[in-house]
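Since the structure comes first, as structure tokens, the remarks are kept for the end.
Laboratory data are not the source of any read-out in this text; all were calculated from the coordinates shown. All values reported here derive from a predicted model rather than from experimental measurement. All Cβ positions, even for glycine, are placed from backbone atoms using ideal geometry, and neighbour counts span all protein chains on display.
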Amino acid sequence: MAEFGNFCLLFALCLSLYALFAALIGASQRQPRIVKSAEKAAFAAAGCTTLSFAALLYLTFTNDFSISHIAESSSRDLAVFYKIAAIWGAHDGSMLLWVFFTALLCAIVIYQNRSRYRDMMPYVLAVLMIDLCFFLSLNFFLSNPFKQLTQVLADGTLQKFMPADGRGLNPLLQHWAMVIHPPILYLGFIGFLIPFAFAIAALITGQIGTTWIRTTRRWTLLTWLLLGAGLLLGGKWAYVVLGWGGYWGWDPVENSSLMPWLMGTAFLHSVIIQERRGMLKIWNTILIMLTYLLGVFGTFITRSGVVSSVHAFSDSGLGHFFLIYMAAVLIASLGLIAARRSIMKSERQLDSLLSRESAFVFNNLVLVAACLAVFFGTMFPVFSKWITGVQITLDAPFFNKINIPIGLILLLLTGVGPLFAWRKTSLESLRRAFFWPAISAAVVVAVVFIGGIRHFYFIICMALCTFVLVSIVEEFFKGALVRRETKGESFAAAVVNLTLKNKRRYGGYIVHFSIVMIFAGLAGNAFNRETKAQLATGQELRIGS
Amino acid sequence: MIWLLYAALVMISGYFVLAPLFGKTNNFDLGLCAETELDRLLDRKAVNNKGLNDLEFEYKMGRLSDLDFKQLETSYKNEAAIILQGIEQLDVPKIEKEKGNKKGLSRASTKCPACGAETAPGKKFCADCGRRL
């Protein structure tokens, strides 16, 4: 079965290489038959990676410890539930999971668009296949999950070796969240490949309009949601298992998941401006390119050993390949953007600084600043070693000092942004819109202050949470009142229909509500007290006031 | 035995992948769905209409002053007029005819010209992207 799994992996690589070249040749020669053949090759590659993944699953369940990966991450007494997690419990298997998901997503996207965007799809397919070929090559040649254990006999010959039992799954990973956290997180990373592929295809074909954004919007939202869910699940695992005293330790691998999420959030907001106003075309393309690359960078951090992390796999020697791939993608994408810059000019300018467009632009700048701060902090050990020869690691206090104010500005923008109208808003309108949220925030500040709490960031955070919450409620309330008047519906029906008829706007407010909940939870961190002491029997220690 | 399995996998995949190269018909034509000037104008029209609807909605919500509303409404209406003028200047029937002459999809078919989704005959809007058909 190991040989079969290995063969499927190699065959998938051959098929994806064929798909890549066939797509490019088909597009350049305008031969739909060749493109169709390329698409079928991509489906076949997905089938082969599925077979390969199934083979590893079978070998894990049948306790075939002659396979190095299984001997390293599984054991006979491991519960069935955790045997599944053992697949991605070590480096090689987790790479196969990555490849499996990539191939499946590629196949789904190609099938979804089998009869649309025919001019763009060959290039989309080519970009998808470049990514798949890269990861399949790494998986087959450098990180093969079907590698067999061998022993050297007395006469110097090599013989297959099968230990009586495996080393078992790392106890830290034996938690329910670990069974679903990596797959969800991987889907969150990989999914950004799809909007990136469409963006590149749009650049190549010169269709810089909103087609690629509309087509990939659901994929982007789903990917963003999965990445967010992956981050939260990781936080849950860290809180329960790792004993850091918290859910977030600004660990390099955690940071590498947060960065594409931040960049993806910026992208999700800024594409709205391109759709509505025909602006920020270059910016949006750069954002999705960076989001995709940050996803690859995340797996580079995890697998290269470039920075030490409790989550990282040991140095697998893949780091250089990732760096070359990322550099090539960056240069090629920027080259394409430069070549197309003449048709990517904004169709319009900002009408006013007091407009929703301005709020979105500011939101983008803050999100990118947050991402850069996390990137700089994460890579500081590497930079410091290059420059000074001494590796200096930045701990949580650095990240907190930088990111707490940035996070609070973002929270403020979450509340303020929707209060602006598109194009321009008068000061009088803003005064009316800000009235209730500001009054509510002031009341909360007073209550918290009277309650004896003096923690600056806690007070600001609670005030902003209240501001955003009231602004969201106000949006629904006023919107429902308008709908009740114009459509003659009951208030409850108006609220429901308002949301259903404009899911993008009101769905966005629901997401903002969840962000408020997260920030309210984060504010609780202000009261964390950690004390280490040795106590004699019967001795007491009081923590906090 | 394992070699037979490999051979079967390669043959089945090979047939699956290479069959389209020898097929008789093309069910699509590359480039047929490329964005045309008409598509771009229709997109702009749809976005402008959405902007105007949102403007009215936000005005009713009290988000805009009377003066702002009137200025912006005029601006949206002027843009709508420019877009419609642009559409009229294009020789739409000729474009339709050219597209219709090609094999495969055409605007008269049951595919949305913007996103390519299947649409039932007689529908005025695409159920997938909302574009007027």
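For segment A:398-480, rounded, prolate or oblate, judged on the Cα gyration tensor with a ≥ b ≥ c (square roots of eigenvalues), a/c < 1.5 rounded, else prolate if a/b > b/c?
Since a/c reaches 1.5 but b/c is at least a/b, the shape of segment A:398-480 is classed as oblate.
Taking amide H positions as placed 1.01 Å from N in the peptide plane, with prolines and chain starts having none, which residues 5 or more places from A:Gln148, or on another chain, fall under 5 Å of its amide H?
For A:Gln148, whose amide H was placed from the backbone, the distant partners under 5 Å are A:Ser68.
Let me spell out the model: positive unit charges on the Cβ of Lys and Arg, negative unit charges on the Cβ of Asp and Glu, origin at the Cα centre of segment A:426-525. What dipole size does that give, in debye rounded to 20?
Computed charge dipole of segment A:426-525: roughly 280 debye.
Dipole magnitude of the protein assembly as shown about its Cα centre, charges +1 at Lys/Arg Cβ and -1 at Asp/Glu Cβ only, in debye to the nearest 20?
Here the protein assembly as shown has a charge dipole of around 1880 debye.
Could you work out, residue by residue across A:116-123, how many beta carbons of other chains sit within 10 Å of that residue's beta carbon, and then give the average as an integer?
5
Where q = 0.18 Å⁻¹, what log10 of I(q)/I(0) comes from the Debye formula for segment A:209-424, counting one point per Cα?
Ignoring solvent entirely, the Cα scatterers give -1.41.
For segment A:1-142, what number results from the quotient of the Cα radius of gyration and 2.2 N^0.38 Å?
1.16
Only counting other Cβ atoms within 10 Å, I'd like A:Lys345, A:Lys40 sorted with the fewest neighbours first.
Ordered from fewest to most neighbouring Cβ atoms within 10 Å, A:Lys345, A:Lys40 come out as A:Lys345, A:Lys40.
Please list log₁₀ I(q)/I(0) at q = 0.17, 0.19 Å⁻¹ for segment A:426-525, using the Debye equation with identical point scatterers on the alpha-carbon positions.
Normalising to I(0) and taking log10 leaves -0.85, -0.96.
For segment B:61-73, just list the computed ³J(HN,Hα) in residue order, Karplus coefficients 6.51, -1.76 and 1.60, θ = phi - 60°, integers in Hz, with x standing in for Gly and Pro.
With coefficients 6.51, -1.76 and 1.60, one gets 6, x, 7, 10, 6, 4, 5, 4, 4, 5, 4, 5, 4 Hz.
Given the pairs A:Lys503/B:Lys50; A:Lys424/A:Lys478; B:Lys45/B:Lys77; A:Lys478/A:Lys503; A:Lys385/A:Lys532; A:Lys281/A:Lys401, which are separated by over 22 angstrom at their Cα positions?
A:Lys385/A:Lys532; A:Lys281/A:Lys401
Enumerate the calculated ³J(HN,Hα) couplings along segment A:31-47 in order (Karplus 6.51 cos²θ - 1.76 cosθ + 1.60, θ = phi - 60°), each rounded to whole Hz, writing x wherever the residue is Gly or Pro.
10, x, 5, 5, 5, 4, 5, 4, 4, 5, 5, 5, 5, 5, 4, 4, x
Count neighbours as other Cβ atoms within 10 Å of each site's Cβ, and list the GluC sites (Glu not before Pro) in segment A:439-545 that are DSSP loop with at most 16 such neighbours.
A:Glu489, A:Glu530, A:Glu540
Other chains' Cβ within 10 Å of A:210-218 residues: what's the mean?
Mean partner shielding for this stretch: 3.
For segment A:91-222, what is the convex hull volume of its Cα atoms per residue in Å³?
Output value, Cα hull per residue: 139 Å³.
Can you show me the helix-derived [θ] at 222 nm for chain A, built from DSSP H runs with n ≥ 4 at -39,500 (n - 2.57) apiece and divided by the number of residues, rounded to the nearest 500.
Taking each H run of at least 4 residues, the total per residue is -24000 deg cm²/dmol.
Could you run the Karplus curve 6.51 cos²θ - 1.76 cosθ + 1.60 with θ = phi - 60° over segment A:56-64 and give me ³J(HN,Hα) per residue in whole Hz, x for Gly and Pro?
5, 4, 4, 5, 5, 6, 8, 6, 8
Would you mind getting the Kirkwood hydrodynamic radius of chain A from its Cα pairs, rounded to one decimal in Å?
In chain A this quantity evaluates to 25.8 Å.
Would you please state which residues of segment A:204-243 a label at A:Ile180 would reach in this model, taking the label point 7 Å out along Cα→Cβ and a backbone N cut-off of under 18 Å?
Under 18 Å, as judged by backbone N against the label point of A:Ile180, lie A:222-241 of segment A:204-243.
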